[in-house]
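Quick notes on the structure that follows.
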Amino acid sequence: MHAIELVDVAGVLSLGAQSLLDDCPQIAEDALTEYWTSSRCRLDTWGRQLRTYSSPGADLDCGEFRSLAEEILLSEAHTRTLAALCVLHDARWDAANGAGAIARNALAGHDEAVRRLRPLLSQSPDKEFVHIQSRARRWTDLLLGYLLPCCSAPGSKSPDGHVIEFACDPQRVVDFAFDAGAHAGQSAVDVQRLLSASLRMTLRGSYAEPVCGETNQRIAGASLGLFGPEAFDAFGVLRSTWVRRLERSTDETLGMLDGLFAEKPLAAPGAKRF
């Protein structure tokens with residue numbers, strides 16, 4: 001699974017955030033464990049590769065480095081969105097299982113990877129990474145904008161800060177939250193399709209072979225499994241057959257995600273960039 005598809009998953013979660021927060025008082029422990037384990041596995045892989053490319057004379061113009069940089073930069077939108085959603089859930093339900101803390105820790109590791117990547121990007125002859133990061137951060141703030149109204153929902157005990165703290169640009173999140181209100185009369189499915197199409201249009205050409213494709217898939221499956229299958233049926237994003245498969249185990253969401261993205265194939269590596 002490519003990091004672009006993780007942003008798609010983050011879109012599913014952000015658009016359904018209100019239903020997830022209202023209808024899912026319990027976080028699935030097995031999915032939470034899977035998310036943490038898979039995130040740590042991916043961070044370890046990134047860490048090893050970052051050490052390699054930090055060595056004197058390392059080739060920062062190769063396809064492997066491009067894959068690493070793209071994956072770290074693009075998947076940040078998913079990590080931040082999920083962290084904000086988990087923190088909102090903890091505040092909404094006074095949850096004691098620590099989903100917010102675990103998601104924060106995963107984000108802290110991701111932030112460290114971005115910090116270590118930054119000097120390598122400045123040395124790389126490929127300057128497209130600046131545009132990739134800029135666009136990915138705008139998408140992060142857009143998805144967080146869909147979460148911001150949840151802070152003031154009836155029964156919510158969380159201030160706006162529970163979303164704003166995860167923003168790349170706090171004012172932009174506020175602006176996007178205002179724009180998101182225009183979608184209130186549309187179905188979640190229609191809005192998700194619109195967001196997905198917009199995502200792939202604005203980030204088109206940034207595809208490379210993923211570094212942690214299988215791990216990304218497990219992270220996506222765990223993310224969808226955190227809140228259980230019932231919530232997804234409520235706002236109609238996932239097909240009923242996929243929901244039934246999701247009930248069995250987090251691992252079986254791998255097949256579900258294969259089907260989800262089979263209709264939207266990625267561009268072949270080496271496709272024209274920007």
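The values are calculated or read from the model by the stated rules, or taken from the named source; none is laboratory data. The structure presented is a predicted model; accordingly, all values stated were derived computationally and were not measured. Note that each Cβ is placed from the backbone with ideal geometry, even for glycine, and that neighbours are counted across all protein chains shown.
Is region 36-45 home to any residue that is out of contact with any strand residue (DSSP E or B) (no Cβ under 8 Å at 6 or more places or on another chain), over 24 Å from Q133 (Cβ atoms), in contact (Cβ under 8 Å) with a residue 12 or more places away in the chain and assigned to a helix (DSSP H, G or I)? Within region 36-45, one or more residues are out of contact with any strand residue (DSSP E or B) (no Cβ under 8 Å at 6 or more places or on another chain), over 24 Å from Q133 (Cβ atoms), in contact (Cβ under 8 Å) with a residue 12 or more places away in the chain and assigned to a helix (DSSP H, G or I). Go through the residues of region 77-92 one by one and say whether even a single one is surrounded by fewer than 23 Cβ atoms within 10 Å (Cβ to Cβ) and more than 23 Å from V12 (Cβ to Cβ). Looking through region 77-92, none of the residues is surrounded by fewer than 23 Cβ atoms within 10 Å (Cβ to Cβ) and more than 23 Å from V12 (Cβ to Cβ).
Only one of the numbered conditions (1) part of a helix (DSSP H, G or I); (2) modelled with pLDDT under 65; (3) of a type in the set (D, E, K, R) is not met by K157, and that is (1). With respect to being among the β-branched types (V, I, T), over 14 Å from the mean Cα position of the chain (by Cα) and under 24 Å from G221 (Cβ atoms), T45 fits the description. The residue pairs whose first member lies in region 120-134 and is over 21 Å from R51 (Cβ atoms), whose second member is among the hydroxyl-bearing types (S, T, Y), and whose beta carbons are closer than 8 Å, counting only pairs six or more residues apart or on different chains, are E128/S206; I132/S206. The residue pairs whose first member lies in region 100-116 and is over 18 Å from Y53 (Cα atoms), whose second member is among the acidic types (D, E) and outside any helix (DSSP H, G or I), and whose beta carbons are closer than 9 Å, counting only pairs six or more residues apart or on different chains, do not exist in this structure.
Would region 23-34 turn up any residue that is among the β-branched types (V, I, T) and crowded, with 20+ Cβ neighbours inside 10 Å?
Pass one, region 23-34, residues among the β-branched types (V, I, T): 27, 33.
Applying the additional criterion that residues be crowded, with 20+ Cβ neighbours inside 10 Å yields 27.
Yes: region 23-34 contains one or more residues that are among the β-branched types (V, I, T) and crowded, with 20+ Cβ neighbours inside 10 Å.
Looking only at region 90-107, which residues are farther than 18 Å from A220 by Cα and assigned to a helix (DSSP H, G or I)? Correct list: D90, A91, R92, W93, A101.
For D61, indicate whether it is exposed (fewer than 15 other Cβ atoms within 10 Å of the Cβ) and over 28 Å from A99 (Cα atoms). Can you show your working first?
Values: exposed (fewer than 15 other Cβ atoms within 10 Å of the Cβ): yes; over 28 Å from A99 (Cα atoms): yes.
Taking the combined requirement at face value, the residue satisfies it.
Take L143 and decide whether it is closer than 18 Å to V9 by Cα, of a type in the set (A, V, I, L, M) and either assigned to a helix (DSSP H, G or I) or over 20 Å from the mean Cα position of the chain (by Cα) (or both). When the stated conditions are applied, L143 passes them. Each residue in region 108-128 was checked for being at pLDDT below 90 and in a helix (DSSP H, G or I), and 1 of them qualify.
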